[in-house]
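The values are calculated or read from the model by the stated rules, or taken from the named source; none is laboratory data. Every value quoted in this text rests on a predicted model; they were computed, and no experiment measured them. Neighbour counts are summed over all protein chains in view; Cβ atoms, including those assigned to glycine, are modelled from backbone coordinates with ideal geometry.
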Amino acid sequence: MSGNKFGFTPIDENDLKKSRRREVGPMGAAVRETANSLNESTENRVEQRRQNASDAKEYRKARDEGRVLVAVGTNEIHTSDLPRDRLDLSAVASSDEMDELKASIQERGQKEPIELYKDSEGRLQLKKGWRRLTALKQLFEETGDERFSRVMARVAESQSDRIDLYIDMVEENVVREDLTFAEMAQVAILAANEADLGAGDADALVGRLYSSLHKMKRSYIRSFVYLLNELEGALPFPKAVSRNLGVEVARKLRASSGSVPGLKDELARASSAAEQNGMLEAFVARFDADPASDKPREKSESVKYEFHVGSSKVTARKGECRILSGQDFTSIDRAKLQRAVEAFEAVLDE
């Protein structure tokens with residue numbers, strides 16, 4: 001090894017080519033970490049703001065469409081804008097079914113929200129849930145418990161078309177078995193009295209309000225619309241009129257409108273539902289027995305009507321009764337099928 005008297009050795013050229021490596025000191029590391037953290041925090045905040053704006057937009061949309069549940073004081077809710085589809089609300093309010101609903105709410109709380117909307121004056125109006133609202137009001141009056149003073153509700157902030165409000169209201173209730181055809185007809189009549197809706201044509205409104213029902217049911221409702229309009233409040237117990245009786249009376253009145261005044265005078269003397277229905281049945285019987293009524297009936301001989309029995313569709317017209325079914329009648333023993341037809345004719349002859 002060569003050197004000089006000072007002990008230095010020649011510089012290795014490879015060492016000169018090597019890059020200098022500088023370690024980051026504590027201060028530099030802290031600054032770098034802070035900068036990275038600030039950049040990451042800024043990106044997170046920007047993303048969070050975007051998400052918040054999106055959530056707020058979705059919330060406002062859901063609120064305006066009535067998909068957000070809110071607690072509303074029962075005394076803030078009005079029921080004056082839409083007619084209820086039950087003719088005797090006071091009877092419903094004091095019924096056994098109302099007591100059962102109150103007992104359920106008292107024990108388990110309100111499980112289903114009601115639906116509200118704001119009218120043109122900004123007041124909260126009831127769209128769906130009259131029974132639930134009434135139950136809570138009664139419970140608060142009876143117990144004074146504050147938990148019954150508020151009701152969980154969906155509130156639609158945006159204005160809906162008037163006809164949509166009616167449709168939403170009736171669709172909640174038409175599925176109930178105890179809702180009568182007279183009650184459904186009454187809604188159509190009341191809606192028709194609103195200038196913006198039906199212009200007096202309740203018959204046409206039946207198709208719009210009850211479009212989800214089978215066309216035969218809509219036909220029954222139209223018969224009751226005609227019946228209620230013709231008798232103009234002279235029917236004291238409309239809910240008690242059965243479907244078949246109401247349809248038959250309406251058919252007779254169409255054939256002989258001149259008999260309306262006499263029937264109205266009779267019904268004015270009815271003091272009970274049974275007495276009322278007896279008068280209607282007598283009217284039908286007199287009409288059938290009157291030879292003068294034969295001519296009007298001839299005009300309607302081409303009319304047919306349809307109804308369902310289970311999965312079978314029955315179409316009736318003069319001289320024909322057709323049954324459409326998934327049943328393969330050719331697979332039924334002829335003697336058995338004959339007995340069924342004989343039983344059918346026997347019932348008709350009763």
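Remarks
- ALA335 vs. criteria surrounded by 10 or more Cβ atoms within 10 Å (Cβ to Cβ), aliphatic (A, V, I, L, M) and either under 28 Å from ALA240 (Cα atoms) or modelled with pLDDT of 80 or more (or both): no
- Whichever residue in the stretch 256-276 is within 16 Å of PHE224 (Cα to Cα) and surrounded by fewer than 17 Cβ atoms within 10 Å (Cβ to Cβ) and, among such residues, is modelled with the highest pLDDT: LYS264
- Any pair with Cβ under 8 angstrom, 6 or more apart, that starts in the stretch 325-350 at a residue that is under 23 Å from GLU306 (Cβ atoms) and ends at one that is surrounded by 10 or more Cβ atoms within 10 Å (Cβ to Cβ) and aliphatic (A, V, I, L, M): PHE329/LEU337
- Scanning the stretch 277-317 for residues that are in contact with a Ser or Thr (Cβ under 8 Å, 6 or more places away or on another chain) and assigned to a helix (DSSP H, G or I), we see that the one that is modelled with the lowest pLDDT is PRO296.
- Residue within the stretch 158-178 that is among the acidic types (Asp, Glu), at pLDDT 85 or above and either at negative phi or within 21 Å of the chain's Cα centre (by Cα) (or both) present: no
- Residue check for GLY198: buried (at least 19 other Cβ atoms within 10 Å of the Cβ) and modelled with pLDDT under 80: yes
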